[in-house]
Amino acid sequence: MPEALGDTCAATATATAESVDRKAARVTLRSMEGLDVSLGIHWVTRERVERLFVMQQHATLLNTETLEIVPLDENAPAKLKARQCYMVVAEADTILTDEERNASDNDEEDSKPVERRAIDPAKINTMQIEKLAMITELYKPLHSELYDLNDPASMLEPVFLEAVESIQAQTESGVAAEISSLPASFLTCLSEATRLYQFAMLRREWCLKLVEELQHFEKSGMPLARPNSMNNYGTILNDIGFLPMLNELLAYHLNPLCKLLYPAWDEGGGLDHHHTFVVQYRMAEDRELKFHFDDAEVTLNVCLGTEFTGGALYFGGLFDAPETHDESLAVQHQLGRATLHLGKHRHAAKPITSGERYNMIMWMRNFCKRYHTHSEAERDEDQHHHGHSHEHGHGHGHSH
Ligand SMILES: O=C(O)CCC(=O)C(=O)O
Ligand SMILES: [Fe+2]
């Protein structure tokens, strides 16, 4: 059974010695709920931490390995050790002594030095707003033109634009668009049974600029959160200023295409919101991703390069359709090329064997499907579903 992948989690990412260089100036800060933010050491001031972590009380930091306390005074940055994880605690929080912890030693939860709290969705929201506020105030983009869609031709391949335009033209003239009317060279169907597609989407220069932008962002020490409950490295694009342009990309380009390829989510606004991130694989860090399905109606996965071998996507059937489980398809990446699949399509990323790989992933979602379930029975069914993804996901699958 593959794991269900969600966007928020509390799992621990451990930095390896080889990643020292890249993470040298960062620490991981963790809330009492297990929400991680990685931040450049020089940005760790009390005011900033209290804002990012929505703390009203006097906050202090606790090194989760050494249990050493670092008061958040003006000397805090000098006392922090790169690549360590610090729990952000309020003075009033209960910090268990070793003895107390040993006394209740029955599962992994107990190895946490402080009492764990349940995740409050409002807190996640406020944390996101604060992260974005900090970035908006302080971050200087390297390629500011990436953050809007004013010039779609600089981002999107001509054949992709042509395909979307032809769908729009047909819709506007009242004709139901048909797959057969797309430009002949555009769409490759890799599997009819599971509706797995590939097409040219992003221009090479745009992909390489995006990778440079993300590397620049990482070096700036601005707040970063893990992309989802399984990928340890990468960046959530929605959180760092790309949300408006990605909303446009979804509304004007991807939703019309998905309506044609996956008519099931035509309800309401179709695919009307998304969780979009870049995953990153390097030899010394994460090299692969295990078998799972996504917290999405439809997933877009586009390869951004840069140079790597291996890393193919592997597909193994739709989780709710046992008759498709014997599918075994390996799909190779090609810079700028998109793979489009159902969220429930079970998949994995094979290990890279050299280099580094970046892919942009958009988990596309339909509001009606998620929040306006119609009958009691369907609501129950959804509850069941969600429970299932929590059970198997790492930590807390948060899908909003
Ligand atoms: O590594 C990839 O390209 C796939 C990542 C993926 O499946 C995911 O993040 O949901
Ligand atoms: Fe996935």
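No lab work stands behind these numbers, since they all come straight from the coordinates. Keep in mind that what you see is a predicted model, and the values were worked out from it rather than measured. When we count neighbours, we look across all protein chains shown, and the Cβ atoms used for this are built from the backbone with ideal geometry, even at glycine.
A compact table of results
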quantity: Rounded to whole Hz, the Karplus (6.51, -1.76, 1.60) HN-Hα couplings of region 341-350, x for glycine and proline; calculated: 9, 5, x, 7, 6, 6, 8, 8, 10, 5
quantity: Per-residue Cβ neighbour rank within 10 angstrom, fewest leading, F291, F277; calculated: F291, F277
quantity: Residues V175 and D151, FRET efficiency given R0 of 22 Å [Cβ-Cβ distance, rounded to 0.05]; calculated: 0.15
quantity: P(r) weight above 22 Å for region 235-340, C-alpha pairs, percent; calculated: 42 percent
quantity: Förster radius 25 Å - calculated FRET efficiency between E68 and I129 (Cβ-Cβ, nearest 0.05); calculated: 0.20
quantity: Pairwise Cα inverse-distance average, inverted: Kirkwood Rh of region 144-392 (Å); calculated: 18.9 Å
quantity: Region 144-392: relative contact order in percent, alpha carbon pairs under 8 Å with at least 6 residues between; calculated: 22 percent
quantity: ³J(HN,Hα) computed for each position of region 307-313 - Karplus, 6.51 cos²θ - 1.76 cosθ + 1.60, integer Hz, glycine/proline x; calculated: 10, 6, 10, x, x, 4, 7
quantity: Neighbourhood charge, 13 Å Cβ-Cβ cut-off, centred on M222 and excluding it, Lys, Arg +1 and Asp, Glu -1; calculated: 0
